[in-house]
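In what follows, a structure is listed as structure tokens, so that the remarks can point back to it.
The values are calculated or read from the model by the stated rules, or taken from the named source; none is laboratory data. Source: prediction; values computed, not measured. Glycine also receives a Cβ, built like all others from the backbone with ideal geometry; neighbour counts cover every protein chain displayed.
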Protein chains: 4
Amino acid sequence: MADDPTRAYFAGTDRDRAAFEAGIKLGSIAHQYVGAPLTEASAPSLERAIEAATRVQPQVEWVRVRIDRKRMQVRGPYRYGVLTEDLLHVEVAVRVGSARAVGTLRYVTELDYPLMYLKAIGGPTKG
Amino acid sequence: MADDPTRAYFAGTDRDRAAFEAGIKLGSIAHQYVGAPLTEASAPSLERAIEAATRVQPQVEWVRVRIDRKRMQVRGPYRYGVLTEDLLHVEVAVRVGSARAVGTLRYVTELDYPLMYLKAIGGPTKG
Amino acid sequence: MADDPTRAYFAGTDRDRAAFEAGIKLGSIAHQYVGAPLTEASAPSLERAIEAATRVQPQVEWVRVRIDRKRMQVRGPYRYGVLTEDLLHVEVAVRVGSARAVGTLRYVTELDYPLMYLKAIGGPTKG
Amino acid sequence: MADDPTRAYFAGTDRDRAAFEAGIKLGSIAHQYVGAPLTEASAPSLERAIEAATRVQPQVEWVRVRIDRKRMQVRGPYRYGVLTEDLLHVEVAVRVGSARAVGTLRYVTELDYPLMYLKAIGGPTKG
């Protein structure tokens, strides 16, 4: 990252940026693909496309996307559903210098809410 | 389609509806996936996901999606692009009763515009 | 429309195109804005933005967008919802030459489905 | 935030979360609205809608959205454009406990890239 030309624009530490970049990836996924038509048959191709599109973004180490078949609602006369945030289970790991953050998006039953949270974060707290 | 419970809601003929449904599919594709991060490596998975998501929608006979690698712009410090309407070449065929419409979305050089048009339409003009 | 440079690309009649264009507008709206964060307080600005963005598109005579406050689901620890197709009530009128189509998107209770349909269509069935 | 029921899910400090939440908001904005039809006349309503939708999300203190009229490209036979990331200038401030982050999305000429970065971040680096 020492050579990264974007570095000069950032306030804070590599750790701050790792957390920030993890948030970007989750926000992007939720708002890009929600609304896409969906059945059990089409879900795997959407999972793969989201993963591939996430990997091309800056700082991504790995990403895993699963669409919850059990919560999927197929309905109406044509028997299909659409992707909602509640159906997404995403984990994405980003690395910035020696800092690393893992962000998760998943529906949390107790909260009745598709929560995005930092599952893990590590790295120096000084820049 | 005689049994289609949505039929009662429609004004016009099956041919009118075929044209309408072709338009829905193209408008949906353009506005669902534009903005997705993209490289040559990730393009095939996005093409497949768009095709699969389109096939689950009502009345679709077949669909073909291609992302134009030649016009794709990879840029910035992280060397990736995003999907734009200009990059999409979509053909989708819908059937409603005995009527059929083929809709196309493609960038038309002479117009400098990603045009959606009816490439073919056939069927009775009376309901 | 006689001078419209896109005309040469279209198969079919002005009426076919009117139906097609109505479909485009509804498909575009559903897939562009679904997923946007939403409360009763933010709904009016989203209705206005969707209407304004639709009016700039080709052939649109008028458009009306309403987000159903009664069906809106505010939930989770932060008490907000997101736009879904079920919440949208859209009517859009397009004119192509002497043909005119009115397309509607609304949740239809009997079908448990957000249906897009041609509410009205008129114009010569010969090109 | 002491009472925030989501707190137990988060690794790291309030400062980590502030950075993360700022990233979420910017990623969400970019991928929700990119592709929306746009002219100078429709831009103000879209700016207001994006601001209103961002304010309903967790932890947002303030947000400012501007669409760059000078870089806006109106083209094709119908003389309109679409929203791209390059046109967006967003600043969003989030607060988590005593930590605060300001995230920015803007097109950076030197990078030829719409960069999302932490413009400011402050708060304890210990949890």
request  = Only one of these is under 26 Å from D:LEU118 (Cα atoms) and either out of contact with any Ser or Thr (no Cβ under 7 Å at 6 or more places or on another chain) or at pLDDT 95 or above (or both): A:ARG66, A:ARG106, A:ARG75, A:ARG79. Name it.
outcome  = A:ARG106
task = Would you check if C:GLN57 is of a type in the set (S, T, N, Q), within 11 Å of chain B (Cβ to nearest Cβ) and either surrounded by fewer than 19 Cβ atoms within 10 Å (Cβ to Cβ) or within 20 Å of B:VAL34 (Cα to Cα) (or both)?
result = yes
remark   = Looking across the stretch D:4-50 at residues that are more than 7 Å from chain A (Cβ to nearest Cβ), in a loop (DSSP other than H, G, I, E, B) and without any contact (Cβ under 8 Å) to a residue 40 or more places away in the chain, the single one that is surrounded by the most Cβ atoms within 10 Å (Cβ to Cβ) is D:SER42
message = Cβ-Cβ under 9 Å, sequence separation 6+ or interchain: first residue in the stretch D:56-67 and under 19 Å from D:ALA120 (Cα atoms), partner of a type in the set (Ser, Thr, Tyr) and part of a loop (DSSP other than H, G, I, E, B). Which pairs?
response = D:PRO58/C:TYR78; D:PRO58/D:THR6; D:GLN59/C:TYR78
query = Looking at D:LYS126, D:LYS70, D:LYS119, which one is surrounded by fewer than 22 Cβ atoms within 10 Å (Cβ to Cβ) and assigned to a strand (DSSP E or B)?
reply = D:LYS119
request  = Hey, could you check the stretch B:73-116 for residues that are among the small types (Gly, Ala, Ser) and buried (at least 19 other Cβ atoms within 10 Å of the Cβ) and say which is farthest from the chain's Cα centre (by Cα)?
outcome  = B:GLY81
request  = Please specify each residue of the stretch C:85-116 satisfying the condition of being of a type in the set (Ser, Thr, Tyr), away from chain A (no Cβ under 12 Å) and touching a Gly at 6+ places or on another chain (Cβ under 7 Å).
outcome  = C:SER98
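Residue by residue through the stretch D:4-42, note down the ones that are of a type in the set (A, V, I, L, M, F, W, C) and under 20 Å from B:GLN32 (Cα atoms).
Result: D:ILE24, D:LEU26, D:ILE29, D:ALA30, D:VAL34, D:ALA36, D:LEU38.
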query = farther than 23 Å from A:LEU38 by Cβ and part of a strand (DSSP E or B), is that true of C:ARG64?
reply = yes
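Would you point out the residue of the stretch C:105-124, among those that are in contact (Cβ under 8 Å) with a residue 60 or more places away in the chain and out of contact with any helix residue (DSSP H, G or I) (no Cβ under 6 Å at 6 or more places or on another chain), that is nearest to C:ILE24 (Cα to Cα)?
For the stretch C:105-124, the residue satisfying everything is C:GLY122.
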Only one of B:VAL63, B:VAL90 that is within 23 Å of D:GLY81 (Cβ to Cβ) and of a type in the set (A, V, I, L, M, F, W, C) = B:VAL90
